[in-house]
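Asks: Can you keep this structure in mind? I'll have questions shortly.
The values are calculated or read from the model by the stated rules, or taken from the named source; none is laboratory data. Quantities reported herein were computed from a predicted structural model and do not represent experimental measurements. Here the Cβ positions follow ideal geometry from the backbone for every residue, glycine too, while neighbour counts run over all protein chains shown. Calculation scope for accessible area: heavy atoms of the full protein, side chains included, ligands and nucleic acids excluded. Shrake-Rupley method; radii C 1.70, N 1.55, O 1.52, S 1.80 Å.
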Amino acid sequence: LLGPAFVLAMYRSSRQDVEAWRHWRTAASSAMFVLLNHYQLVTLLHVQPQSMPRELNTWLSTWAFAADVSVAFRLPCVGFENFMSGLVFKCLAPLAVAAIFAGTWAASKVGNLFWRGKNDIAMRPPIVMNCCFSIMFLFYAGIVQVTLNVAKCGPNPSGKWTLMVDRSVLCYEGDWPAMVVIGVVSMILWCGGLGALFAWVIYVSPKRWACGDFRLRWKFLFLKFRTGCAWFSLVIVGKGVAANIGFIFLSEPAIQIYWALLCLGIYCWLVSVVQPWRAFQTNLLDICSHLALLFVGFSIAWFLERTPAADEGMEAFCMILVLTTCVAGATCVVHMIAAQELGCCKRRRIDAISRAREMVDRLAHTDDECFSKFIDDLPDHEFEAFAMASAVASRDSNIGSWSL
């Protein structure tokens, strides 16, 4: 019953086009997205709860709703008494969300036929689609986690392998094969299908950006990120898949934790290098979030049961990490040599300097109003880069003495 009211609230707040994307509300919504994703990943790191202190286990379980909203509805109380029925409900949840949005849009079209006011009350399809897909993008990590839960099996004190999320379900027997089929179909439909759709939209966006309906329909993929960094939404999608998939082919809880931490560490490095978010504060929040997740994962690993297989895996993991620094150092040296010695790199540098000089000439002949608008429209990252370039240019007043 609350679904249509929620849809209408989202619709009213999602009607702005690109001109309003610099508003503080955009930064606030991006921060909320980062926080929700943080607690989805906290839920992912909550493995082997029987090995943890009771207070810590209770605290980590508190955030389960971030990855699985159905936790708040107590499924056994509404007829979904076993894991199979609950799995079907969760896998069909994205379809139910789409149905609620479609039904609300259809109701607005019907209501508009009887509306006697001056303004049209029918909801615009591009905005409705943006709201619907933004919900799916928001809970993408949770959708991946739910669909892959059926393949996350681990040893049980009884001597058999059971699901990590429900120790009453035996793997490789009973209803488990049927659950795997449901999970695979959901993974292909929701995770693979949505990921492919998002990638296609980003790929064709340069050609279709002039279309207002296109911008409104797929705004959630571009709104949060600075110009040229919409592709980072695919990095977020890939992070959710990569961090979860390690729990399938790795059986030791400690190794599973460190696999997830490896994925989160790579993502944190990418955020620090690319700074993809439109607001500088969101970049900082995302980095702090993943640094906190790294320490949370290391702390959880402290309480996990130790096995000889886990010790061997950690030994190999540490040896690989020691070697990665050598590989990274060699890569940096090769890149520095290539940047100074290869002709193509020199030409690229000269071309970049020529483009910068052309841009400076264009800005010099721009009136004050257009120049102020240009500065105001710059995202935080581009503004800081522009200010840094201005500081570099002001270090030497004798421009004629500069050389390429």
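Asks: Using a 10 Å Cβ count of at most 11 others and DSSP loop calls, identify the longest part of the chain lacking such chymotrypsin sites (Phe, Trp or Tyr not before Pro).
Replies: 173-401
Asks: Here is a further query. Let's see if you can work this out: charge +1 on each Lys and Arg Cβ, -1 on each Asp and Glu Cβ, no other charges. What is the dipole magnitude of the chain about its Cα centre, in debye to the nearest 20?
Replies: Dipole magnitude for the chain comes out near 1120 debye.
Asks: Now a separate question. Roughly how much of L163 is accessible, in Å² to the nearest 10, using a 1.4 Å probe?
Replies: We get 0 Å² for L163.
Asks: Sticking with this structure for a sec: Excluding same-chain residues fewer than 8 positions from K152, which aspartates and glutamates have a Cα within less than 17 Å of its Cα?
Replies: D68, D166, E173, D175, E252
Asks: Ranked by accessible surface with a 1.4 Å probe, highest first, in what order do V165, V128 come?
Replies: Of V165, V128, the descending order of accessible area is V165, V128.
Asks: Which of K90/K224; K219/K239; K239/K373; K160/K239; K219/K373 have a Cα-Cα distance over 29 Å?
Replies: As for pairs spanning more than 29 Å Cα to Cα, those are K239/K373; K160/K239.
Asks: May I pose another question? Just in segment 288-385: which GluC sites (Glu not before Pro) are loop by DSSP and have at most 13 other Cβ atoms within 10 Å?
Replies: Answer in residue order: E305.
Asks: For K90, K224, K109, write out the residues from largest to smallest accessible area, computed with a 1.4 angstrom probe and no ligands counted.
Replies: Sorted descending by solvent-accessible area, the residues read K109, K90, K224.
Asks: Between G154, G103, G240, find the one with the highest GNM mean-square fluctuation for the chain; connect C-alpha pairs within less than 10 Å.
Replies: Its mean-square fluctuation being the largest, the pick is G103.
Asks: Oh, and also: Could you sort M10, M336 by accessible area so the largest value comes first, with the probe set to 1.4 Å?
Replies: M336, M10
Asks: Which one, G192, C211, F139, is farthest towards the positive end of the dipole of segment 120-222 when Lys and Arg carry +1 and Asp and Glu -1 on their Cβ?
Replies: Checked the options; the winner is C211.
Asks: While we're on this one: For the chain, build the charge dipole from Cβ charges (+1 Lys, Arg; -1 Asp, Glu) around the Cα centre, then report which of A230, G174, I255 sits farthest towards its positive end.
Replies: Most positive-ward Cα: A230.
Asks: Moving on. Can you tell me the accessible area per residue over segment 209-332, all protein chains present, probe 1.4 angstrom, in square angstrom?
Replies: Per residue, segment 209-332 has an accessible area of 48 Å².
Asks: Picking from P308, P177, P49, which is most flexible by a Gaussian network model of the chain using Cα springs under 10 Å?
Replies: Per the Cα network of the chain with a 10 Å cutoff, P308 tops the list.
Asks: Next up: Pick from Q340, Q281, Q48: which residue has the top mean-square fluctuation in a GNM of the chain where Cα pairs under 10 Å get a spring?
Replies: Between Q340, Q281, Q48, it is Q340 that shows the largest mean-square fluctuation.
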